[in-house]
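The values are calculated or read from the model by the stated rules, or taken from the named source; none is laboratory data. Bear in mind that the values here come from a model prediction, so they are computed numbers and not experimental data. Positions of Cβ are backbone-derived with ideal geometry, glycine not excepted, and every protein chain shown enters the neighbour counts.
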Amino acid sequence: MKKRWLIGNWKMHGDLESNKALVETIRGALPKPEDDIAVAVCPAFPYLFQLAELTQGTEIGVGAQNVSDHLQGAYTGETSPLMVRELGGRFAIIGHSERRQYQGENDGLMGRKALAAIDAGLIPVICVGETAEERDSGRTHEVLARQLDAAFGYIRTAHDEIILAYEPRWAIGTGIAATPEIIQGEHEFLRQRIAIRDREFAARLPIVYGGSVKASNAASIFAMPDVDGGLIGSAALNAQEFIAIYRELAASQPKP
Ligand code: PGA
């Protein structure tokens with residue numbers, strides 16, 4: 001059976017006090033080993049160490065929301081994936097659409113960051129997704145294929161542990177998630193595209209969905225056969241909501 005994933009992207013929110021309260025509540029409720037669900041939270045960089053300490057000895061992993069595409073060097077303001085690893089991080093979100101939108105990140109940079117994360121011993125959570133305009137003009141598959149090929153061009157699929165996140169930009173932070181049918185269709189498309197490179201890798205690759213997942217829509221999304229979990233933004237900042245989403249994932253049919 002495939003492991004399922006629940007990853008909280010805290011974005012640029014939180015402070016020492018609220019982070020502690022949030023993670024302590026989550027920690028008290030999950031994850032349960034028998035559910036075979038991996039849970040991770042991704043705070044802003046300055047709080048990585050705090051979260052690593054607060055989750056020590058628990059099953060909750062910690063990740064960064066971004067990393068440099070270099071491991072070391074004269075890159076002012078950047079954070080090496082090696083530093084994330086040393087501070088207790090195990091994951092790095094790569095190519096989130098907010099970085100594409102506000103920081104000008106492109107497909108090539110996403111691929112290099114994913115590779116640097118892997119080289120540093122992190123699991124990259126590689127984000128792909130189309131804008132509303134791209135979807136409306138019928139270019140969703142063209143865009144997803146381009147993003148995917150750029151990222152996977154850098155990766156030695158057979159050996160690396162990777163999580164892929166389908167995050168349509170129009171569903172992020174809008175309160176309106178993609179429908180379960182759209183999500184299933186795009187996850188299937190992504191998996192098939194990766195299968196062209198490596199069929200066995202594609203079959204075991206976790207593909208999670210992100211974009212306005214909340215307790216009220218989680219069950220229908222997690223019921224889809226190609227959905228292996230969720231990348232949760234705003235709802236991850238509310239402990240009870242995040243726990244409720246976890247419970248929906250635990251109650252969903254395990255993936256073969
Ligand atoms: P959202 O964000 O759940 O607030 O839509 C998801 C994400 O940006 O990863």
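Structure values in brief
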| read-out | value |
| --- | --- |
| Flag if Met110 is part of a helix (DSSP H, G or I) and touching a strand residue (DSSP E or B) at 6+ places or on another chain (Cβ under 6 Å) | yes |
| Count of the stretch 90-104 residues which are more than 14 Å from the chain's Cα centre (by Cα), within 17 Å of Leu231 (Cβ to Cβ) and either surrounded by fewer than 17 Cβ atoms within 10 Å (Cβ to Cβ) or modelled with pLDDT of 95 or more (or both) | 1 |
| Residue in the stretch 225-251 that is surrounded by the fewest Cβ atoms within 10 Å (Cβ to Cβ), counting only those that are in contact with a strand residue (DSSP E or B) (Cβ under 8 Å, 6 or more places away or on another chain) and not in a helix (DSSP H, G or I) | Asp226 |
| Hits in the stretch 1-37 - residues which are buried (at least 20 other Cβ atoms within 10 Å of the Cβ), aliphatic (A, V, I, L, M) and touching a Pro at 6+ places or on another chain (Cβ under 7 Å) | Ile37 |
| Hits in the stretch 84-107 (condition: away from the ligand (no atom under 16 Å from the Cβ), outside any loop (DSSP other than H, G, I, E, B) and more than 19 Å from Phe152 (Cβ to Cβ)) | Val84, Arg85, Glu86 |
| Residue that is farthest from the ligand (Cβ to nearest atom), among those in the stretch 187-221 that are of a type in the set (Phe, Trp, Tyr) and farther than 17 Å from Glu241 by Cα | Phe201 |
| Some residue of the stretch 208-219 being under 17 Å from Glu167 (Cβ atoms), modelled with pLDDT of 95 or more and part of a helix (DSSP H, G or I) | yes |
| In the stretch 42-59, residue modelled with the lowest pLDDT [restricted to those that are more than 20 Å from Ser234 (Cα to Cα) and among the hydroxyl-bearing types (Ser, Thr, Tyr)] | Thr58 |
| Test: residue in the stretch 66-85 that is touching a Gly at 6+ places or on another chain (Cβ under 6 Å) and small (Gly, Ala, Ser) | no |
| Total residues in the stretch 158-173, condition in contact (Cβ under 8 Å) with a residue 12 or more places away in the chain and either assigned to a strand (DSSP E or B) or away from the ligand (no atom under 15 Å from the Cβ) (or both) | 8 |
| First in the stretch 23-38 and without any contact (Cβ under 8 Å) to a residue 40 or more places away in the chain, second anywhere and part of a helix (DSSP H, G or I) and of a type outside the set (Phe, Trp, Tyr), Cβ under 6 Å, 6 or more apart | Val23/Leu54 |
| Among the residues listed as Ile194, Ile172, Ile176, the single one being farther than 14 Å from Trp5 by Cα, aliphatic (A, V, I, L, M) and under 15 Å from the mean Cα position of the chain (by Cα) | Ile172 |
| Test set (1) of a type outside the set (Ser, Thr, Tyr); (2) closer than 22 Å to Ala92 by Cβ; (3) over 17 Å from the mean Cα position of the chain (by Cα) - His141 fails condition number | (2) |
| Filter result for the condition that a residue is more than 16 Å from the ligand (Cβ to nearest atom), in contact (Cβ under 8 Å) with a residue 24 or more places away in the chain and in a loop (DSSP other than H, G, I, E, B), over Ile176, Ile155 | Ile155 |
